[in-house]
Every structure is written in structure tokens, then in C-alpha cells.
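Below is one structure, written out as C-alpha cells, with a few remarks after it.
The values are calculated or read from the model by the stated rules, or taken from the named source; none is laboratory data. Everything numeric here is computed off the predicted structure, so don't read it as measured data. Note: ideal-geometry Cβ built from the backbone for every residue, glycine included; neighbour counts use all protein chains shown. Just the protein is used for accessible areas: all its heavy atoms, side chains included, with ligands, DNA and RNA removed. Shrake-Rupley method; radii C 1.70, N 1.55, O 1.52, S 1.80 Å.
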Amino acid sequence: MDMQRLWAGAALLLAAALGIAPAIAFADEKAADETLADGYALGRVLDQIEVSAQLAFEPRFFPSGPRYADQFEGIQLSGFLKPELFWENEARDKQVSFVPFFRLDTQDDERTHGDIREAYFRGIVDDWEYLIGLNQVFWGVTESRHLVNIINQIDGLEDVNEEDFLGQPMINVARQTDIGRFDFFLMTGFRERTFPGPDGRLRGPLPVNTDRVQYESDLEEWRPDIALRYSHFIGDIDLGLHLFHGTGREPDLVLSADGQTVLPRYTVITQAGIDLQYTRDEWLWKFEGLVREGQGSTFLAAVAGFEYTWFQALDSDADLGFLAEILYDGRDEDTLIPGNRSGAVQASVFDKDLFFGSRLTLNDIQDTAILGGMVVDLEDGPAALRLEAERRLGDTWKIELIGQAYLEDDPANPASVLDRDHFVTLRLSKFF
């Protein structure tokens with residue numbers, strides 16, 4: 001879906017949320033037309049709209065020269081603007097959210113892009129909740145890999161940690177009961193994953209040609225997707241179960257006829273998954289697992305581990321956490337790394353890995369926090385190292401530091417394609 005269609009669709013959804021949906025909601029009130037006509041209700045609606053924004057300047061430094069032709073070297077200057085408009089009625093049973101996103105990048109033309117993260121209307125009637133529009137849905141509990149997230153497409157231009165998502169058009173109907181929450185999702189208007197351009201860093205040997213995307217389904221991006229989710233709290237256990245059938249968010253990369261690029265190909269998959277978190281005093285025990293068919297042979301994948309928090313460490317106000325997780329991905333080993341003609345390799349970088357890290361939260365007025373971790377391939381040794389730190393500066397400023405180093409140098413491992421893309425990002429944000 002190109003940006004023109006996305007913006008047009010979002011405008012229609014927002015218009016429906018601001019105009020049609022409230023009109024329908026008040027249709028059973030005899031005085032609704034008179035109230036809207038005199039402008040009084042409209043004025044109250046406008047007074048209830050909250051407007052905020054994040055404006056960020058984000059230089060990223062690559063200390064090593066590029067590995068592939070056409071890639072830049074040195075500093076990548078960029079910045080983004082993320083406005084947010086939110087409306088909620090006095091009864092708090094109707095909401096409208098609109099969150100566009102714009103990034104400008106000086107080095108990678110593909111990374112200069114825009115998206116609509118949210119543009120939806122949400123209503124609540126008794127135990128029922130319904131949402132129509134573009135939204136972001138986050139599932140899962142583990143730290144090193146967000147395995148069960150399947151609703152939204154990853155925005156691969158933002159970062160490599162797979163925590164930035166594109167807004168997904170959907171209808172979401174949910175019901176809260178005494179035995180848990182049941183969610184139903186109907187989606188169309190598939191969002192294609194974004195990738196760095198030929199001159200960008202953090203890409204493979206061959207650039208991804210997103211202009212020649214392929215689909216297994218003849219309906220392409222308009223094929224309907226469905227998802228069901230059940231979630232509940234059972235004592236100290238948080239449980240989530242999901243079933244998804246539709247176009248998979250993770251594309252296969254097919255070598256082009258001229259061998260100069262790779263083409264993303266999206267297949268139809270069926271996926272069932274579970275996420276669990278058990279809380280006991282200072283311990284959090286976590287698990288995410290799934291089984292997927294339709295993308296090669298049916299395979300299993302899982303992440304399991306714990307987080308232990310030492311509260312008020314050394315009689316201070318700070319909390320110190322220790323994290324460890326085991327990662328497994330059992331997909332086929334017959335997928336070639338694009339551009340690597342040495343033979344068949346594991347398609348996932350998380351085939352058999354161990355993650356361990358630490359989280360320091362100072363609990364100070366500036367909300368200072370530091371998270372560091374390393375992924376170790378159980379067959380090849382250290383694979384990646386990441387550090388994240390953040391601190392508020394006054395009431396409206398925030399500074400963040402993100403560093404990532406790639407330690408894998410075995411050509412048979414997919415992670416080795418990034419072995420010269422170590423980077424440090426400094427993000428300075430102003431909140432309005």
C-alpha cells in the first residue's frame with residue numbers, strides 16, 4: 001500500500017471517527033441534532049481534544065566503513081516528528097486517536113518516510129469494546145525477541161530491535177468476561193515491511209526492491225486476515241493465546257532475475273502462539289512460543305527466561321534487574337542468505353541463542369534508566385551487544401543513547417552480514 005492510499009484511507013477513517021461515529025452513537029437521543037446544530041456539543045468535543053507531539057533530532061554514527069557498495073559511511077543525521085491527537089468523551093466510553101509519523105534522513109532516501117501509526121475510533125458498550133481504523137497492537141512478555149507479535153508490520157527503517165510498527169487497518173471487537181478477554185481482529189490493507197535503501201546501512205549484501213513485491217495470494221494486500229486472542233490473569237500468571245490466519249508479516253527474500261536485488265515475497269500462513277508470565281516476589285518468569293505453517297515446513301519457535309529485580313539495591317533508591325533468556329527457531333535451513341552462494345544456511349538469526357542482560361532504574365526525578373544485553377549464539381559464540389540509556393532533562397526534554405555492536409563473523413550465520421554496521425545513536429527529544 002503506497003502512502004497516497006494510506007493517507008486517503010486514514011483521512012476517511014478519521015472523518016468517520018470524528019463525525020459519523022459520534023453521530024451514530026447519539027442517534028437514539030432526540031436532542032442530538034439540535035445540540036450539534038447550535039455548536040455547543042461541538043465546542044465541548046473540541047475542548048476535550050488533547051494535542052501533543054514529540055520532535056526528535058537523531059544523529060547515528062557508524063565507526064566502521066561500509067561493507068557493501070553504495071553504502072554511506074560516517075554520520076547519519078535524521079530527525080522525526082510524531083504529533084498525537086486524542087479525544088475522549090466525558091463518559092470515557094468513546095475515543096478517537098490520530099498519530100502520524102514523519103522522518104527526514106540525510107543519508108538514506110528510503111528512510112525519509114511517513115506513516116500513520118494510529119487513526120481509529122474506539123467505543124465501549126457494557127462488556128463489549130469495538131475499534132475501527134489504524135492501530136498498533138503489542139503482545140508478548142520477553143525482552144530479547146518479540147516473538148508473538150503478528151498483528152502489525154515491522155517498520156524496518158527505524159531500528160533493528162523490531163519494536164517500531166506500522167499502523168494496521170483493522171476492525172477489532174473484544175469482550176471482557178469473568179473468565180478472560182476475547183479479541184477478534186479482521187484486517188485488510190496489508191502493510192509491506194520497510195527496508196533500508198541501496199545507500200543505507202543495516203542491510204544485507206543486496207538491497208531489497210520493495211517496488212517489485214510478490215504475494216502468494218491473488219488478492220495481494222487486500223486479502224483479509226483474521227486473528228483471535230484470549231488473555232487472562234490467573235493468580236500470579238498472565239496468559240495469552242492467539243490464532244492468526246492470513247498474509248505473514250515476515251517476507252521471504254527472493255533473488256531477482258538480474259541478481260542485483262532481492263524481492264520480498266509474502267506467503268499465507270497459519271500461526272498459533274502462547275505468551276506466559278509468572279510473577280513471584282522479585283522474579284518474573286517469561287515464555288513465548290509459536291507454531292507456524294505456510295512459510296516452508298511447519299516449525300516451532302520459542303523464547304523462555306526470567307528477570308530478577310533487586311529492589312533498592314545497596315540501600316539506594318535504584319532497582320537493579322538481571323535478565324536471561326533462551327531463544328530457539330526451528331525453521332528450515334534451506335533458505336539462502338541473499339547474495340551468499342556458499343550454501344544453505346539457517347534463515348533465522350535466533351536458531352539457538354542465549355540472551356543475558358541487566359536493567360538499572362535509578363527511580364530519580366529524571367527517570368534515568370539503563371538496559372544492556374548480549375546475544376550469544378550457542379554454536380558460534382557472541383553475536384550482538386546492545387546498550388540503551390535514557391534520562392529526562394527538565395519537564396519537556398529527553399535524551400537517549402543507543403549503541404549496538406555485531407560480533408558474528410561466521411559467513412554461514414545470517415547475522416554476519418551486519419558485522420561492519422556497529423552504531424551509536426543519540427536521540428534528543430522535545431515534547432510538547
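In a DSSP loop and with at most 13 other Cβ atoms within 10 Å, the trypsin sites (Lys or Arg not before Pro) in the range 58-147 are Arg92. The GNM of the chain, with springs linking C-alpha atoms under 10 angstrom apart, assigns the highest mean-square fluctuation among Ile116, Ile151, Ile234 to Ile234. Once a ≥ b ≥ c are taken as the square roots of the eigenvalues of the Cα gyration tensor of the range 117-186, is the result rounded (a/c under 1.5), prolate (a/b larger than b/c) or oblate (a/b not larger than b/c)? Oblate shape, in that a/c is at least 1.5 and b/c is the bigger or equal ratio. With distances taken between every two different alpha-carbon atoms, the range 221-371 has a Kirkwood hydrodynamic radius of 18.7 Å. Accessible area per residue for the chain, computed on protein heavy atoms with a 1.4 Å probe, is 50 Å².
With runs of 4+ DSSP H residues as the only contributors, calculate the mean residue ellipticity of the chain at 222 nm using -39,500 (n - 2.57) per run, divided by the residue total and rounded to the nearest 500.
Details: 4 runs with 32 residues, N = 432.
Taking each H run of at least 4 residues, the total per residue is -2000 deg cm²/dmol.
Rolling a 1.4 angstrom probe over the range 355-432 with all protein chains present gives an accessible area of which 65% lies on carbon and sulfur atoms.
The H on the amide N of Ala53, modeled in the peptide plane, is under 5 Å from the matching H of Glu84, Phe432, each at least 5 residues off or on a different chain. Over all alpha-carbon pairs of the chain, lay out the pair-distance distribution in 10 Å bins, whole %, shortest bin first. Calculated over all Cα pairs of the chain, the distribution is 4, 18, 28, 30, 15, 5, 1, 0 percent. If I build a Gaussian network model for the chain, linking alpha-carbon pairs within less than 10 angstrom, which residue out of Gln71, Gln136, Gln312 has the largest mean-square fluctuation? Checking each option, the largest mean-square fluctuation is seen for Gln312.
Can you pull the percent of Cα pairs in the range 391-432 with separation above 16 Å? Present the calculation step by step, with values, prior to reporting the outcome.
Values: 466 of 861 pairs.
Pairs farther apart than 16 Å: 54 percent.
Pairs of Lys residues in the chain are counted when their Cα atoms are under 22 angstrom apart and they lie 8 or more places apart or on different chains; the count is 5. Under 5 Å from the amide H of Gln48 lies no amide H of any residue 5 or more positions distant or on a separate chain, with H modelled from the backbone and absent for Pro and chain starts. Among Leu378, Leu354, Leu327, the residue with the largest mean-square fluctuation in a Gaussian network model of the chain, with springs joining Cα atoms closer than 10 Å, is Leu378.
Electrostatic bookkeeping for Ala318 treats Lys and Arg as +1 and Asp and Glu as -1; over the other residues with beta carbon under 11 Å from its beta carbon, the sum is -3. In loop segments of the range 106-157 as defined by DSSP, the chymotrypsin sites (Phe, Trp or Tyr not before Pro) with at most 13 further C-beta atoms inside 10 Å of their C-beta are Phe138.
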